[in-house]
Amino acid sequence: MTSGIDWAINIGLALAIFIIGRIAVGIITRFILGAFKKAKIDDTLAGFLAKIANIMMTLVVVMAALGKLGIETTSFIAILGAAGLAIGLALQGSLANFAAGVMIIIFRPFKVGDFIEAGGTKGIVEGISIFNTNMRTPQNQVVIVPNAQVGGGTITNYSVKETRRIDLTMGVSYDDDLKVAKDTIWKALNSDERILKDPAAIVGVMNLGESSVDIVVWFWVNSPDFLMTKMDMTERLKVDLEAAGCSIPYPQRDVHMFTPEKSA
């Protein structure tokens, strides 16, 4: 009779431990989420870490309740440890993506809407999750890149700066007048409103090539204007240089053919 009463009391205590423990876990989880929010940690990362903490605390509550019932929990802990090791080995790739995702979310090398090159892909970032980064390519293709590839290599962010420099190289003939060529280039640069005055543009001879004198044309534009300005100015400089009497040479090769004399 006594043992039955003791068993009933232990069951009641175990239930009380579980119920009160679950309430405490909920309160602590909400506190953790609030702390993450105040620290301005990304909502995705905060929710994931809070969920992990919730699961770990719940396991502690369950173990405490089982211990109150007299059930040996050492074997359960050993089983959980072995299962955790097996899961970790099986999901090591996912864990690497998770670790990289945490680093990306914390250090913010890019944000949604940025145009970047990372993980062998170039495109606009449409989403950042714990395990993957979603990007949209210029061809309007959606590419899902594992965070381990993104964080494990070089990340080029084309959107983080407000301005970008365009580098062009225009080759003219050795017979052309360099002053005419440079004046023509400056005239084209000064007539395009998209080209910034500060920093100032640079036009100068950079290299004496095998078949041309290479003039570099460096100028700055606002980042959204980069691509169209580069294409427009490349075309305009070719047309204007040719109109000014300058030729744009290309490699040529003279082939001389000899016919052997026939023997008498």
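Between the beta carbons of Thr169 and Ile55, assuming R0 = 35 Å, the FRET efficiency works out to 0.05 to the nearest 0.05.
Any chance you could run the full-extension gain for Glu193 through Gln139? It's 0.36 nm times the residue separation minus the Cα-Cα distance, nm to one decimal.
16.6 nm
Give me the percent of Cα-Cα pairs in the range 100-157 that sit more than 13 Å apart, rounded to a whole number. Everything past 13 Å amounts to 51 percent. Straightening the chain between Lys37 and Lys230 buys 65.2 nm, computed as 0.36 nm per residue apart minus the Cα-Cα spacing. For the pair Ile19 and Ala64, label points projected 7 Å from Cα toward Cβ lie 1.6 nm apart.
Read-outs: derived from the displayed coordinates by stated rules, not from any lab. Here the structure is a predicted model, which means the values were calculated and not measured. Using ideal geometry, Cβ is built from the backbone for each residue, glycine included, and neighbour counts are taken over all protein chains shown.
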